[in-house]
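So the structure is just underneath, and the comments pick up after that.
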Amino acid sequence: MAKGEKKFYCSECGARYPKWLGKCEDCGQWNSIVENISAGEKSETGNSRLNFKTLAAPQERLDRKLSDIGEFDRVLGGGIVSGSVVLIGGDPGIGKSTLLLQISAALSQDYKCVYISGEESAEQICMRAARLGAGDSSVKLACETDIDIVLNSLGEDVDFLIIDSIQTLQSFSVDSIPGTVSQVRACAYKLINFAKTTNTTVFLIGHVTKDGAIAGPKILEHMVDTVLYFEGERGNSYRILRSVKNRYGPCDELGIFEMQQHGLVGVSNPSVLFLTQRSESVPGSVVFSGIEGTRPILVEVQALVSKSYFSAPRRTVVGWDMNRLFTILAVIESKCKISFSDRDVYLNIAGGLKISEPACDLAVAMSLLSARSETIILNETCVFGEIGLTGEVRSVSRCSERIKEAEKLGFKRIIAPASNTIVKSGDGVKIETIETIMNVVELLGIAYK
Ligand code: TYD
Ligand code: MG
C-alpha cells in the first residue's frame, strides 16, 4: 500500500472504501466506517517463518485465579484466566462499577490490582469503596483517560487491570474524540496487546447503546476473550451477569446477584429466589425447570388471557420471545381448537430472567391454556418440553438435571416429554409424560367456556 494512502473500512461488515462515509453502502450501518490506522506501516518480517504446532492438548493447564465472589468465577468458567481480556457491558446505573470495584477489592487480598476510572472522581470511588466495606483494600486507584499514560504507569507486576470504561479512554495517536469507533478500537487494541505480553488480566467496562449492544464497534467483542452482559430490570434488585462469549469456558453461563445496601451479593440458589414470590395455586401460573448455562433454574411462567377490546388483540411478552409466543398460540389454536383471537395475551417470566430455551414451550403453552380456561395447575407441578409445529412435545436436553432440581425444591408432580428417557431418583415425585399438546388438555381436564 502506497505511503500516505488512507484506507477506510466498515467495522461491522469489513467493506473497504477509499474515503470516509457516514453510512456503509454494503451493510447500511451508520457511523461504522473507520480508518485503518496501521495502513501506512510496513511490516518488518524479513525471513521470519511460522512455527507450526500440533493439535495435541497443551501440557500446562489454564492458570485460573479465584476472586472469592463465587457467582463471578462461575460465569467465567470457574475462575479468571490470567492474561485474558474480559469486556463487561450493561445499562447505566446497573452496577458495573460496583461489581468491578468489589471484584478488585476481593482480588487485591492476594494479587496486585489497578483500577482506572475515566468516569468518576477518586472521591466518588473512595466513597463507594467505603460503602462496600472495601476502604482498606490495596487496590491502586487512578482517574485518567489517556491510554498511553495508563500503560506507561503500569509495571510488569500488575495482575489485574480494571478500565472503567473503555469508551472514556483515548489515544492521542488517533485523531478523534473518546467513544468513537476508531478510539475504542485503538485503545482496546493497546490494552489487549498489554494483556497478552504481560499476562495481566484486563477487565473492560463497556457502555451499551439503547438497543442493548455494547457501544462502539462490533469488532470490540471479537477482539476480547470474554464478553459478559450485566442485566436487570429497573426497580428490581436482582442482577444477572451473563456470558455471551467465552474463549475459556461455556457461554450462556449465568451469575445471579442481588444489589443490597452494601453492594452486590451473589445468589447461590437462584431457584429459591425466583419462586419465593409465587402466589398460591392460581390459573395461568406454571413452574418451568430450565437450564441456564451449567445449572438448572426453576422459574415461574405467568400468563394472563383477557377479553380484548381492540380490533387486533394485544400480545405482550416479558422475558421470552414474542415470535415464539405467536407460534405457540397458533399451534394451540390449530391443534386444540381453542381460539385466542378475541383475547389479549400477556406472558411474563417472573423475576426478570430472560429465557431463550425451546424447552420452555410446554410451560408457556400450559400457562396459556390454564389462564384461558381458568383451570389451576397445582403449585407443586413443574414442567418442561419443546413443542413442534404439529403439536408434538419434543424431548429436551439434560432431563435428569431438571427433574433433580424440581425434586430438590419439593415439587411433587413433573410433566415431561414422553420421548425423553426419564430417570427417577426419589419416590416422592410423580412423573407424567405427554406426547402432544392435545394431551395437556386431557391431563388438566380443561373445559373451555
Ligand atoms: P454503578 O456501579 O455506579 O453503575 P454503573 O457503573 O453500571 O453505571 O451502580 C450504581 C447503582 O447501584 C446506584 O443506583 C446505586 C446502587 N448501589 C446500591 O444499591 N448499593 C451499593 O452498595 C452501591 C455501591 C450502589
Ligand atoms: Mg459506572
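Each residue, Phe310 and Tyr17, gets one label point 7 Å from its Cα in the Cβ direction; the gap between the two is 3.9 nm. Farthest toward the positive end of the dipole of segment 273-444, out of Ala418, Ile431, Met322, is the Cα of Met322, where the dipole comes from beta carbon charges about the Cα centre. Taking the DSSP beta bridges in the chain as the whole, what percent of them are antiparallel, to the nearest 5? Bridges in the chain are about 50 percent antiparallel. Rounded to the nearest whole Hz, the Karplus-based 3J(HN,Hα) values (6.51 cos²θ - 1.76 cosθ + 1.60, θ = phi - 60°) of segment 166-174 follow the sequence 5, 6, 8, 6, 9, 10, 6, 7, 10, with x at glycine and proline.
Amide H contacts of Glu432 (H built 1.01 Å from N, in plane; Pro and chain starts excluded): Ile414, Ile415, Ala416 sit under 5 Å, all sequence-distant by 5 or more or on other chains. 3J(HN,Hα) along segment 199-207, derived from phi through the Karplus expression 6.51 cos²θ - 1.76 cosθ + 1.60 where θ = phi - 60°, amounts to 6, 8, 8, 10, 9, 10, 8, x, 6 Hz, with x in place of Gly and Pro. For segment 266-330, the solvent-accessible area works out to 46 Å² per residue, with a probe of 1.4 Å and every protein chain left in place. Highest mean packing first, where packing is the average number of other Cβ atoms within 10 Å per residue, the peptides 15-26, 356-367 line up as 356-367, 15-26.
Applying a threshold of 27 Å to the alpha-carbon distances of Lys210/Lys354; Lys140/Lys210; Lys307/Lys404; Lys23/Lys210; Lys7/Lys96; Lys53/Lys196 flags Lys140/Lys210; Lys307/Lys404; Lys7/Lys96 as lying beyond it. Only Lys, Arg, Asp and Glu carry charge here, each on its Cβ (+1 for the first two, -1 for the last two); on that basis the chain has a dipole of about 840 debye about its Cα centre.
What you get for segment 175-256, charging only the Cβ of Lys and Arg (+1) and of Asp and Glu (-1), is a dipole of about 140 debye around the Cα centre. Averaged per residue, segment 208-264 has 45 square angstrom of accessible surface, using a 1.4 angstrom probe with ligands and nucleic acids left out. Cysteines in the chain that lack a partner Cβ within the 4.7 Å cut-off: Cys113, Cys126, Cys143, Cys187, Cys251, Cys336, Cys360, Cys382, Cys399. With all protein chains in place and a 1.4 Å probe, the accessible surface of segment 184-335 carries 52 percent carbon and sulfur. Less than 5 angstrom separates the built amide H of Gly232 from those of Ile240, all sequence-distant by 5 or more or on a different chain. When all protein chains stay in place and ligands, DNA and RNA are ignored, the 1.4 Å accessible-area order of Leu409, Leu444, largest first, is Leu409, Leu444.
For segment 353-449, a simple Cβ point-charge model (Lys and Arg +1, Asp and Glu -1, everything else neutral) yields a dipole of about 180 debye relative to the Cα centre.
Taking the Cα centre of segment 65-268 as the origin and placing charges on Cβ (Lys, Arg +1; Asp, Glu -1), which of Gly266, Pro250, Thr168 is farthest toward the positive end of the dipole? Farthest towards the positive pole: Pro250.
Per-residue Karplus couplings for segment 405-415, computed as 6.51 cos²θ - 1.76 cosθ + 1.60 with θ equal to phi - 60°, are listed in order as 5, 5, 4, 4, 8, x, 6, 9, 9, 10, 10 Hz, Gly and Pro entered as x. With the Kirkwood sum run over all distinct C-alpha pairs, the chain has a hydrodynamic radius of 24.8 Å.
The values are calculated or read from the model by the stated rules, or taken from the named source; none is laboratory data. All values reported here derive from a predicted model rather than from experimental measurement. Glycine also receives a Cβ, built like all others from the backbone with ideal geometry; neighbour counts cover every protein chain displayed. To get the accessible areas, we keep the full protein, side chains included, count just its heavy atoms, and leave off ligands, DNA and RNA. Shrake-Rupley method; radii C 1.70, N 1.55, O 1.52, S 1.80 Å.
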